[in-house]
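First comes the structure, then the notes that go with it.
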Amino acid sequence: MSEPRLRVLRIVEGTSVDGPGLRTSIYFAGCAHHCPGCHNPQSWDFGAGSPMSVAEIMAVIDYNGADVTFSGGDPFYQSTAAAVLAAEIKKRGLGLWVFTGFLLDELLAAEAPEGARRLLEYVDVLVDGPYVAALRDTSLLFRGSSNQRLIDLQAMRATGTTAPILWSPSF
Ligand code: SF4
């Protein structure tokens with residue numbers, strides 16, 4: 001089987017705005033949520049950016065050795081390939097946050113993008129929900145509007161609950 005390729009807008013190394021600590025952020029191309037007031041509408045184009053292999057992306061991640069964030073665009077439109085990348089990240093013991101315009105319930109539903117459940121298995125914290133301009137709040141940590149949630153999937157797996165547990169900072 002050939003190695004999957006992902007459509008990537010850019011990779012930002014050493015960023016502090018996409019989760020706790022200094023992180024390597026992978027920005028995936030493509031988003032169909034089209035939230036009014038989106039901060040990055042150029043990311044909506046599924047043909048934007050460049051195709052990259054898992055090995056090429058992992059070379060950047062390994063060089064930095066930092067925890068990783070998937071953002072975009074919406075990584076869940078490339079769930080199947082993103083899950084392969086996520087598995088490699090977790091093999092290194094690195095943390096993984098993922099930003100999505102979907103709600104967690106939508107990603108668990110039958111009509112979710114193919115591979116969404118598999119990707120979720122590797123995610124430590126999911127920042128879910130569309131950006132809602134009327135709920136914009138610049139004081140919020142790591143998110144733009146107050147409807148968006150920082151869901152601690154790692155804690156949910158550890159406790160076996162299906163009810164969302166919200167992540168809170170330990171710093
Ligand atoms: S989900 Fe994010 S990238 Fe997609 S339209 Fe909404 S704010 Fe923009």
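The table for this structure:
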{"read-out": "Test: residue in segment 113-125 that is within 12 Å of the ligand (Cβ to nearest atom), modelled with pLDDT of 95 or more, over 17 Å from residue 18 (Cα atoms) and of a type in the set (A, V, I, L, M, F, W, C)", "value": "no"}
{"read-out": "Of the criteria (1) more than 14 Å from the chain's Cα centre (by Cα); (2) open to solvent by 60 Å² or more (accessible area, probe 1.4 Å); (3) acidic (Asp, Glu), which one residue 121 fails", "value": "(1)"}
{"read-out": "Among the residues listed as 139, 145, 53, the single one being open to solvent by less than 20 Å² (accessible area, probe 1.4 Å) and either of a type in the set (Phe, Trp, Tyr) or over 17 Å from the mean Cα position of the chain (by Cα) (or both)", "value": "53"}
{"read-out": "Enumeration of residues in segment 139-160 that are part of a loop (DSSP other than H, G, I, E, B) and either within 15 Å of the ligand (Cβ to nearest atom) or in contact (Cβ under 8 Å) with a residue 60 or more places away in the chain (or both)", "value": "140, 142, 143, 144, 146, 147, 148"}
{"read-out": "Filter pass, residue 88 being open to solvent by 30 Å² or more (accessible area, probe 1.4 Å), away from the ligand (no atom under 15 Å from the Cβ), more than 22 Å from residue 148 (Cα to Cα) and touching a residue at least 24 places away in the same chain (Cβ under 8 Å)", "value": "yes"}
{"read-out": "Single residue of segment 124-136 satisfying the filter (out of contact with any Lys or Arg (no Cβ under 7 Å at 6 or more places or on another chain) and among the hydrophobic types (A, V, I, L, M, F, W, C)) that is surrounded by the most Cβ atoms within 10 Å (Cβ to Cβ)", "value": "126"}
{"read-out": "Helices (runs of 4 or more DSSP H) wholly inside segment 1-109 that include at least 3 residues being small (Gly, Ala, Ser), touching a helix residue (DSSP H, G or I) at 6+ places or on another chain (Cβ under 9 Å) and under 20 Å from residue 122 (Cα atoms)", "value": "79-91"}
{"read-out": "Residue check for residue 81: open to solvent by 10 Å² or more (accessible area, probe 1.4 Å), in contact with a Leu (Cβ under 7 Å, 6 or more places away or on another chain) and away from the ligand (no atom under 16 Å from the Cβ)", "value": "yes"}
{"read-out": "In segment 22-73, residue farthest from the ligand (Cβ to nearest atom) [restricted to those that are in contact (Cβ under 8 Å) with a residue 60 or more places away in the chain and small (Gly, Ala, Ser)]", "value": "37"}
{"read-out": "From the options 47, 37, 14, residue that is modelled with pLDDT of 95 or more, under 24 Å from residue 170 (Cβ atoms) and open to solvent by 10 Å² or more (accessible area, probe 1.4 Å)", "value": "14"}
{"read-out": "Filter pass, residue 13 being more than 10 Å from the ligand (Cβ to nearest atom) and more than 18 Å from residue 96 (Cβ to Cβ)", "value": "no"}
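The values are calculated or read from the model by the stated rules, or taken from the named source; none is laboratory data. Since we're looking at a predicted model, the values are computed, not measured. Because the Cβ atoms are built from the backbone with ideal geometry, glycine has one as well, and the counts that use them run over all protein chains shown. Ligands, DNA and RNA are stripped out before the accessible areas are found, and what is left, the full protein with its side chains, is counted by its heavy atoms. Shrake-Rupley method; radii C 1.70, N 1.55, O 1.52, S 1.80 Å.
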